[in-house]
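*Asks:* Have a look at this one before I ask anything.
The values are calculated or read from the model by the stated rules, or taken from the named source; none is laboratory data. Remember, predicted model here, so these are calculated numbers, not experimental data. Note that each Cβ is placed from the backbone with ideal geometry, even for glycine, and that neighbours are counted across all protein chains shown.
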Amino acid sequence: MGKTATIVGAGLVGSLWAVYLSKAGYKVTIVERRPDIRKAEITAGKSINLATSDRGWKALDTVGIGDEIRKMAIPMTGRMMHDLQGNLSYQPYGKEGQAIYSVSRGGLNAKMMDIAEEVGKATIFYNEKCVDADLVNGIVYTENTETGVKKEYKADVVFAADGAFSAVRYNAMQKLERFDYSQRFIDDGYREILLPANPDGTYPIEKNALHIWPRGRFMLIALPNEDGSFTCTLFMPMKGEKSFESLKTSEDVSNFFKTTFPDFYNMMPDIADKWGNHPLSSLAIIRCYPWTHGKTALMGDAAHATVPFYGQGMNCGFEDCTVMWQLMQKHKEDWPTVFEEYQILRKPDGDGVQDLSLHNYLVMRDHVSDPKFLLQKKIEAHFSEKHPDKWMPLYSQVTFSNIRYSEAWRVGQKQDEIMQNVMAKFPDIEQKWNSEEVEKEILKHI
């Protein structure tokens, strides 16, 4: 019979993990609740463009498919800030040559499904809604959403990569005794807006940057697409005086953009007409434990759904594949041992990426336009350049390294504490930010 595996969810993590399993000789079956998205027109919607960084590329390159994905990815070397007057300021993400890469979620998902079938030799069954799972015996029970036909899929191992509101977790794992689960919705929601390309197909704003309009309680971001357009996402409170709830009419929407994001409004004066094109969506952080039971393991958002403010949700899910793969080699596919070490190792990093994501929301929303904060980051970058063995900025730890998320969060908090002390010690820090005196003070605290 050979080795068999069932993956629930043909999303990004499920599709990638199919390639890994096939490399290890498994016959892979994927069951997917949705119809085949490749047969539908892919547009921006409830998606948020993805930003691929080092962890994601490592997972893709390990199975030799990174170059295929690079063809559809656009490098963004830094943040481009838009203030109320329309003035631009640029903050590089890392050192020369370092970038994160914008990629359309729908486009990437379609490509990953192609790769799962062609490279991973996986068979994908669509419209198969998971209604239950026997975690111990490796059985997934489904019902076809079109025909109502019920099926069961049995395999040596089962991987639930079916997203934040995982059916496997909900129908089976959450019924286990002593299963920890928490779901926290943040106050803010998001709505996508597609900023079209110029009539000649060129980009209306700088292509190789992630654009941010930080406005305290509101934030608009824009990531480039291959066709010259930008997928823009507005984050703001769901309820309150200035909130999604308060934008009731087309006039409300127009006035809000005109006064809050005037340069964006000038590029898209018909924003009110396009407002309803995409749904209003909520943002949640989901924590749970254990991640494995019997022959079944949770991967990606099913285990550690986060908010999108560090651009690490997909990268973290892909890193689950990297870690699970390393443990398969280490323990020669002794799955009970692999699963136990996987959850012990990855749970702190799932928590870590969630802590980092919430922290970075405040940074992007409130601090990126604060001169004091920008000076602090400038000092950190300068110090890091002189002492790379002693200091790597938090953003670089998360985005341009494979340091564990939990470790990056711990070190990042310590670094912030040091910098707060240093900033407070020198009232004239603006004048002497790159002085020996400041450098010595930082060294003293390390």
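*Asks:* Could you figure out which of (1) crowded, with 21+ Cβ neighbours inside 10 Å; (2) among the β-branched types (Val, Ile, Thr); (3) assigned by TED's automatic domain parsing to the domain that holds residue 328; (4) touching a helix residue (DSSP H, G or I) at 6+ places or on another chain (Cβ under 7 Å) isn't true of residue 31?
*Replies:* Going through the list (1) crowded, with 21+ Cβ neighbours inside 10 Å; (2) among the β-branched types (Val, Ile, Thr); (3) assigned by TED's automatic domain parsing to the domain that holds residue 328; (4) touching a helix residue (DSSP H, G or I) at 6+ places or on another chain (Cβ under 7 Å), residue 31 breaks only (4).
*Asks:* If you go through region 1-24 one residue at a time, how many are more than 17 Å from residue 142 (Cα to Cα) and among the hydrophobic types (A, V, I, L, M, F, W, C)?
*Replies:* 9
Conditions (1) closer than 27 Å to residue 166 by Cβ; (2) without any contact (Cβ under 8 Å) to a residue 60 or more places away in the chain; (3) small (Gly, Ala, Ser); (4) in contact with a helix residue (DSSP H, G or I) (Cβ under 8 Å, 6 or more places away or on another chain), marked per residue:
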{"residue": "69", "(1), (2), (3), (4)": "yes, yes, no, yes"}
{"residue": "109", "(1), (2), (3), (4)": "yes, no, no, yes"}
{"residue": "122", "(1), (2), (3), (4)": "yes, no, yes, yes"}
{"residue": "146", "(1), (2), (3), (4)": "yes, yes, no, no"}
{"residue": "152", "(1), (2), (3), (4)": "yes, yes, no, no"}
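*Asks:* Yes or no: residue 58 at pLDDT 95 or above, outside any loop (DSSP other than H, G, I, E, B) and of a type in the set (D, E, K, R)? Don't jump to the end; show me each part of the working.
*Replies:* On the way: at pLDDT 95 or above: yes; outside any loop (DSSP other than H, G, I, E, B): yes; of a type in the set (D, E, K, R): yes.
Judged against the criteria, residue 58 is a match.
*Asks:* I would also like to ask the following. What number of residues within region 35-52 satisfy the criterion of being surrounded by fewer than 23 Cβ atoms within 10 Å (Cβ to Cβ) and at pLDDT 95 or above?
*Replies:* Final tally of qualifying residues: 0.
*Asks:* Do we find a residue being among the polar types (S, T, N, Q), closer than 30 Å to residue 296 by Cα and either part of a helix (DSSP H, G or I) or out of contact with any helix residue (DSSP H, G or I) (no Cβ under 6 Å at 6 or more places or on another chain) (or both) anywhere in region 377-390?
*Replies:* No; the residues of region 377-390 include none that is among the polar types (S, T, N, Q), closer than 30 Å to residue 296 by Cα and either part of a helix (DSSP H, G or I) or out of contact with any helix residue (DSSP H, G or I) (no Cβ under 6 Å at 6 or more places or on another chain) (or both).
*Asks:* Kindly provide the set of residues from region 142-167 that are more than 29 Å from the chain's Cα centre (by Cα) and either over 24 Å from residue 321 (Cβ atoms) or not in a loop (DSSP other than H, G, I, E, B) (or both), ordered by number.
*Replies:* Filtering region 142-167 down to residues more than 29 Å from the chain's Cα centre (by Cα) leaves 143-144, 146-156.
Across region 142-167, the qualifying residues are 143, 144, 146, 147, 148, 149, 150, 151, 152, 153, 154.
*Asks:* Scan region 84-107 and give yes if some residue there is more than 22 Å from the chain's Cα centre (by Cα), crowded, with 21+ Cβ neighbours inside 10 Å and either in the same structural domain as residue 26 (by TED's automatic domain parsing) or under 30 Å from residue 260 (Cα atoms) (or both), otherwise no.
*Replies:* no
*Asks:* Determine whether residue 358 is of a type outside the set (D, E, K, R), surrounded by fewer than 19 Cβ atoms within 10 Å (Cβ to Cβ), touching a Ser or Thr at 6+ places or on another chain (Cβ under 9 Å) and more than 30 Å from residue 58 (Cβ to Cβ).
*Replies:* no
*Asks:* Report every pair of residues separated by at least 6 positions or lying on different chains whose Cβ atoms are under 8 Å apart, first residue within region 268-284 and of a type in the set (A, V, I, L, M, F, W, C), second surrounded by fewer than 12 Cβ atoms within 10 Å (Cβ to Cβ) and outside any strand (DSSP E or B).
*Replies:* Final answer for the pair search is 272/251.
*Asks:* Could you tell me whether any residue of region 276-298 is within 20 Å of residue 52 (Cα to Cα), crowded, with 19+ Cβ neighbours inside 10 Å and among the charged types (D, E, K, R)?
*Replies:* Among the residues of region 276-298, not one is within 20 Å of residue 52 (Cα to Cα), crowded, with 19+ Cβ neighbours inside 10 Å and among the charged types (D, E, K, R), which makes the answer no.
*Asks:* Go through (1) part of a helix (DSSP H, G or I); (2) without any contact (Cβ under 8 Å) to a residue 24 or more places away in the chain; (3) not acidic (Asp, Glu) one by one and return the number of the condition residue 248 breaks.
*Replies:* (1)
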